[in-house]
2 protein chains.
Amino acid sequence: MNPKLDLVLERTIDVKPELVWRAWTTPDYVKKWFTPAPWKTVECEIDLRPGGRFFTVMESPEGQKFPNTGCFLEVATNRKLVWTDALEPGYRPSARKLGADVPFFLTAIVTIEPHGMVGTKYTATAIHATEEGRVKHEEMGFHHGWGAALDQLVALAKTM
Amino acid sequence: MNPKLDLVLERTIDVKPELVWRAWTTPDYVKKWFTPAPWKTVECEIDLRPGGRFFTVMESPEGQKFPNTGCFLEVATNRKLVWTDALEPGYRPSARKLGADVPFFLTAIVTIEPHGMVGTKYTATAIHATEEGRVKHEEMGFHHGWGAALDQLVALAKTM
């Protein structure tokens, strides 16, 4: 973890690692928690293997849609999930260019560790190329946004 | 394989898969074959695991040095090696910007399959983000360069 380049959400939650994993890797669940309300995730496709596709479409409250295509890098069931939007599926370098629509590229490392009898130590690290990218992501509300999404994940997991 | 975006070197060679793997994954061997003469690979560091560092320094005949930092993505001993320079070690998106010094990003997929008793079917695929990148790489001499490097790898493997 490099504090100049990375952002981290670390929290202990009272749901089991297996449920966190299912929430992260099941498209119908991802649609329910991935984007803090009133934003929505209206589409999700997951090909759960290294090199596989991680596709989502987020929708703003005004109805504008934002598709995101990423690539899974590590898939360790119930323990660790890594994906990036700097690569497209099959590990192809992304053709998107940094700019207004793409303020930064991102790799996300999600680790899920058992905590106590029924809990999870959840750590989500967002890794950026540059300090500029990290700052932009922070200013866009990383901590609030990823935290609120995790609240939604926990609430969802308790219904599974 | 997408012919608009990808370049492929496929060849049957008369050295065993295990030797091809050793040539690709041992820094002192990489320095001996990776760059077609009269270019040289003067430094090489390998951290052979997904997310690990693949670092080389190439040197032109005039003595100019070109460092390259990449990240391993898949490491399947004696079978498949995948790395990219679109990510830095630890899967961090690369901070390099496309331009004169970085004409394209690249993911390389090397597959090594047994062929007959002592041979290997060797396939190296260079995957690019855009057709423009593929064309630049082709014009820079992909086919001759990767082919000449493979000749050097085969000659080296026969001395192992």
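Counting Lys and Arg as +1 and Asp and Glu as -1 over every other residue whose Cβ lies under 15 Å from the Cβ of A:Ala129, the net charge comes to +1.
Excluding the site residues themselves, the longest part of chain A lacking any trypsin sites (Lys or Arg not before Pro) in a DSSP loop with at most 16 other Cβ atoms within 10 Å is A:5-78. For the residue pairs B:Lys65/B:Lys158; A:Lys80/B:Lys80; B:Lys32/B:Lys65; A:Lys4/A:Lys136, the alpha carbons lie more than 18 Å apart in B:Lys65/B:Lys158; A:Lys80/B:Lys80. Connecting C-alpha atoms closer than 10 Å in a GNM of chain B, tell me which of B:Pro89, B:Pro17, B:Pro38 has the biggest fluctuation. Most flexible of the set in this elastic network: B:Pro38. Averaged over peptide A:90-100, the number of partner chain Cβ atoms lying within 10 Å of each residue's Cβ comes to 6. Pairing chains A and B buries close to 1700 square angstrom of accessible surface in total, based on protein heavy atoms and a 1.4 angstrom probe.
Determine the shape class of the protein assembly as shown: with a ≥ b ≥ c the square roots of the Cα gyration tensor eigenvalues, call it rounded for a/c under 1.5, and otherwise prolate if a/b is greater than b/c, oblate otherwise. Here the protein assembly as shown falls in the prolate category.
Given R0 = 25 Å, the distance between the Cβ atoms of B:Arg22 and A:Asn68 translates into a calculated FRET efficiency of 0.05.
Using the Cβ of B:Arg53 as centre and a radius below 13 Å, the other residues enclosed give a net charge of -3, where K and R count +1 and D and E count -1. Between B:Asp14 and B:Ala76, full extension at 0.36 nm per residue minus the direct alpha carbon distance yields a gain of 20.2 nm.
Can you classify the stretch B:6-157 as rounded, prolate or oblate using the Cα gyration tensor, where a ≥ b ≥ c are the square roots of its eigenvalues, rounded means a/c under 1.5, and otherwise it's prolate if a/b beats b/c and oblate if not? Note, shape of the stretch B:6-157 comes out rounded. When chain B is described by a simple charge dipole with +1 on each Lys and Arg Cβ and -1 on each Asp and Glu Cβ, the residue from B:Asn68, B:Leu150, B:Ala23 located farthest towards its positive end is B:Ala23.
Across the accessible surface of chain A, with the other protein chains kept in place and a 1.4 Å probe, carbon and sulfur atoms take up 53 percent. Charges were assigned to the Cβ only: +1 to each Lys and Arg, -1 to each Asp and Glu. The resulting dipole of chain B about its Cα centre is roughly 300 debye. Using a probe of 1.4 angstrom and keeping all protein chains present, the accessible surface of the stretch A:6-157 works out to 47 square angstrom per residue. Spin-label model, A:Met117 to A:Glu45: label points 7 Å out along the Cα-to-beta-carbon direction sit 4.4 nm apart.
The values are calculated or read from the model by the stated rules, or taken from the named source; none is laboratory data. On a predicted model such as this, the values are computed, not experimentally measured, just so you know. We place every Cβ from the backbone using ideal geometry, glycine too, and count neighbours over all the protein chains shown. The protein model used for the area step is the full one, side chains on, heavy atoms only, and it has no ligands, DNA or RNA in it. Shrake-Rupley method; radii C 1.70, N 1.55, O 1.52, S 1.80 Å.
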